[in-house]
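Participant: Okay, handing you the structure first.
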Amino acid sequence: MTRTLLQALLFLPCIAHGAVTLAQIETFDTPTARQIGNPAFGIPSIRPNFGPNGTGDPALLTSISAGTGPTSRLIIFNTSYWAGNYTSAGVTALKMDLRNTSSGNLFIRIALNGPGGWFVTDGQSVNAGLGYATFLFDVQPSTLNPAKSNGTTLGSDANATLAGVSQVRILHSIAENSARGEVANATLRIDNITAVPEPRITLLMAFLLTFFLKRKR
């Protein structure tokens, strides 16, 4: 039974160690490689008991103040754990739990950089004053938007970028499809970032689980 299950799992897409993998989840129980502002500035802080489950559940916290410095824009990025080939890994969306403890609403997007340039997801409003909510950001080629900066388009080929993502950003952007983010006063909690599989992989995993349970009986 175990050998049959392992043989079936061989058909699932896989990529090299250290890059994005199917259904991986970041819960911030350990130090993170996420940074803010620029690579030299530092990282957001992991806060115990700040997650959706309260006591014992850590979360990532980032706070910014409007101005001109590296912490004036809400941008959190990763160049290791979430980089890689999203296409071969079968990842079509990123899911995460977000809580906005700012005084105003935030408009959160995911930005990805790669050989085809910068692309961003549609934005989603994370309203202030509420508890955690789960958000799903579609990163399929047909739904990504070429990023823009001062009217200049920064992305040309979404498929190429998804096949070699080098940086992933979580950012606040209202005015345009920006990969740079916007100046704001904001505090955001983030937890349970998950690489969501494409439908065919989900069905295969469900089939394998059902098969395993039936054989176990």
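The values are calculated or read from the model by the stated rules, or taken from the named source; none is laboratory data. Because the structure is predicted, anything quoted here is derived from the model rather than measured. Backbone-built Cβ (ideal geometry, glycine too); neighbour counts: all protein chains shown. Ligands, DNA and RNA are stripped out before the accessible areas are found, and what is left, the full protein with its side chains, is counted by its heavy atoms. Shrake-Rupley method; radii C 1.70, N 1.55, O 1.52, S 1.80 Å.
Participant: What number goes with the only condition from (1) within 21 Å of residue 194 (Cβ to Cβ); (2) touching a Leu at 6+ places or on another chain (Cβ under 8 Å); (3) crowded, with 20+ Cβ neighbours inside 10 Å that residue 133 does not pass?
Facilitator: (3)
Participant: Tally up the residues in segment 112-129 that are hydroxyl-bearing (Ser, Thr, Tyr) and either under 15 Å from the mean Cα position of the chain (by Cα) or assigned to a loop (DSSP other than H, G, I, E, B) (or both), please.
Facilitator: Looking only at that region, the number is 1.
Participant: Would it be correct to say that residue 109 is at pLDDT below 80, under 13 Å from the mean Cα position of the chain (by Cα) and under 29 Å from residue 142 (Cβ atoms)?
Facilitator: no
Participant: State all residues of segment 136-164 that are part of a strand (DSSP E or B) and either farther than 11 Å from residue 118 by Cβ or among the aromatic types (Phe, Trp, Tyr) (or both); if no residue qualifies, say none. Give the derivation first.
Facilitator: Initial filter on segment 136-164 (part of a strand (DSSP E or B)): 136-138, 145-146, 148-149, 152-153, 155.
136, 137, 138, listed by residue number.
Participant: Another one. Could you list, ordered by first residue, the pairs with Cβ atoms under 9 Å in which the first is in segment 129-145 and within 16 Å of residue 168 (Cβ to Cβ) and the second is β-branched (Val, Ile, Thr) and open to solvent by 40 Å² or more (accessible area, probe 1.4 Å), at least 6 apart or interchain?
Facilitator: As it stands, the answer is 141/87, since those pairs meet every condition given.
Participant: If you don't mind, another one. Of the numbered conditions (1) open to solvent by less than 10 Å² (accessible area, probe 1.4 Å); (2) assigned to a strand (DSSP E or B); (3) under 25 Å from residue 159 (Cβ atoms), residue 82 satisfies every one except a single condition; which is it?
Facilitator: Here residue 82 clears every test but (2).
Participant: Taking the condition of being modelled with pLDDT of 90 or more, open to solvent by 10 Å² or more (accessible area, probe 1.4 Å) and of a type in the set (A, V, I, L, M), how many residues in segment 167-178 meet it?
Facilitator: So the count comes out to 0.
Participant: Tell me which of these residue 208 doesn't satisfy, since it passes every other one: (1) out of contact with any strand residue (DSSP E or B) (no Cβ under 9 Å at 6 or more places or on another chain); (2) at pLDDT 90 or above; (3) of a type outside the set (Lys, Arg).
Facilitator: With respect to (1) out of contact with any strand residue (DSSP E or B) (no Cβ under 9 Å at 6 or more places or on another chain); (2) at pLDDT 90 or above; (3) of a type outside the set (Lys, Arg), residue 208 is out only on (2).
Participant: Going by the conditions given, is residue 88 touching a Gly at 6+ places or on another chain (Cβ under 9 Å), at pLDDT 65 or above and either open to solvent by 20 Å² or more (accessible area, probe 1.4 Å) or in a loop (DSSP other than H, G, I, E, B) (or both)? I'd like the intermediate steps shown before the answer.
Facilitator: Values: touching a Gly at 6+ places or on another chain (Cβ under 9 Å): no; at pLDDT 65 or above: yes; either open to solvent by 20 Å² or more (accessible area, probe 1.4 Å) or in a loop (DSSP other than H, G, I, E, B) (or both): yes.
Considered against the rule, which asks whether it is touching a Gly at 6+ places or on another chain (Cβ under 9 Å), at pLDDT 65 or above and either open to solvent by 20 Å² or more (accessible area, probe 1.4 Å) or in a loop (DSSP other than H, G, I, E, B) (or both), residue 88 comes out as no.
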